[in-house]
1. For segment 168-186, give me the residue count where each residue is modelled with pLDDT under 95 and either under 18 Å from Pro28 (Cα atoms) or open to solvent by less than 50 Å² (accessible area, probe 1.4 Å) (or both).
2. So Ile58 passes all but one of these: (1) open to solvent by less than 10 Å² (accessible area, probe 1.4 Å); (2) outside any helix (DSSP H, G or I); (3) more than 21 Å from Ile227 (Cα to Cα); (4) out of contact with any helix residue (DSSP H, G or I) (no Cβ under 8 Å at 6 or more places or on another chain). Which condition number does it fail?
3. Which condition number does Asp134 fail, the rest of (1) open to solvent by less than 30 Å² (accessible area, probe 1.4 Å); (2) closer than 28 Å to Glu21 by Cα being met?
4. Restricting to segment 61-80, and then to whatever is touching a helix residue (DSSP H, G or I) at 6+ places or on another chain (Cβ under 6 Å) and open to solvent by less than 30 Å² (accessible area, probe 1.4 Å), can you tell me which residue is farthest from Gly126 (Cα to Cα)?
5. So, in segment 81-98, how many residues would count as being open to solvent by less than 50 Å² (accessible area, probe 1.4 Å) and either of a type in the set (Gly, Ala, Ser) or in a helix (DSSP H, G or I) (or both)?
6. Under the condition of being at pLDDT below 95 and touching a helix residue (DSSP H, G or I) at 6+ places or on another chain (Cβ under 8 Å), which residue from segment 11-43 is surrounded by the fewest Cβ atoms within 10 Å (Cβ to Cβ)?
7. Read through the list (1) under 19 Å from the mean Cα position of the chain (by Cα); (2) buried (at least 19 other Cβ atoms within 10 Å of the Cβ), then give the number of the only condition that Glu201 fails.
Amino acid sequence: MSNIALYPLLRDDDPPSAAIERPHSQSPFILLADHAGQRIPSQLGDLGLAPGEIDRHIGWDIGSLATARLLSQYLDATLIHQQYSRLVIDCNRTPGIASSIPEISEHTRIPRNIGVTVAEAEARRGEVFQPYHDLITQTLNQRRDNGQISVIISMHSFTPSFKNIARPWQIGTLFHRNPEFALQLVSFLQQEGDLHVGINEPYAMTDATDFTLPFHAEQRQLPYVGIEIRQDLITHQAGQALWASRLARLLPQVLETLNYSK
């Protein structure tokens, strides 16, 4: 498939890259979902993938958006989410690095990502990556100017096994420089009594592997946590409601315990 494309990348029948729900919420929590969507811009076709590949974890974080939407509802919190697949461009990676527009994901070749030109990479960054992060920045700035506290909750999901090795955690918590909020959430999750909680597991947050939380939370010194829920627990409505209600109960407790002020 040729990598010659016309720009702008997104056409009139393509949806915007980023969406916001409950934009005027007064809740201290703001929810982000970097890998919520699995759309592909129409002029990129199917990225050369076989049927069904985009529905796998390589294409999106299965169950994350449905769970985040319920959590947004329960907390009456703002939710910002990306509508395009991470295979178009990964909105939680620094543009320009190899995993930003991956040529291979979990042993699967992404034909339309092989030999991407500088111009096409810039179009994906400018039309898919950047509007999502601009929307987050604008929302955080507005909340700051209104005197609102912002606690960032980044919602993801992970596969039950990786390279045939089972992952025992039901939920993982990610953090880097500012661990206070995440570690207090870990404490409350462990008190639930029935959970194996990952602490920077199954992924560890670093500047090399993550963009959203280092850029939006750590640079502003805002409380935050990255949440990873195992996908087999949130592929169905009952599981999504269970995890959203659990987090809706625990997150305000963390905030109250740490006594963050404006």
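The values are calculated or read from the model by the stated rules, or taken from the named source; none is laboratory data. Keep in mind it's a predicted model, so treat the numbers as computed, not measured. Glycine gets a Cβ as well: all are built from the backbone with ideal geometry, and neighbour counts include every protein chain shown. Please note that ligands, DNA and RNA were not included when accessible areas were found on the heavy atoms of the full protein model with its side chains. Shrake-Rupley method; radii C 1.70, N 1.55, O 1.52, S 1.80 Å.
1. The qualifying residues number 1.
2. Only one criterion is unmet by Ile58, namely (3).
3. Every listed condition holds for Asp134 apart from (1).
4. Checking each candidate, the answer is Leu75.
5. Summing the residues that are open to solvent by less than 50 Å² (accessible area, probe 1.4 Å) and either of a type in the set (Gly, Ala, Ser) or in a helix (DSSP H, G or I) (or both) in segment 81-98 gives 1.
6. Asp13
7. The failed condition is (2).
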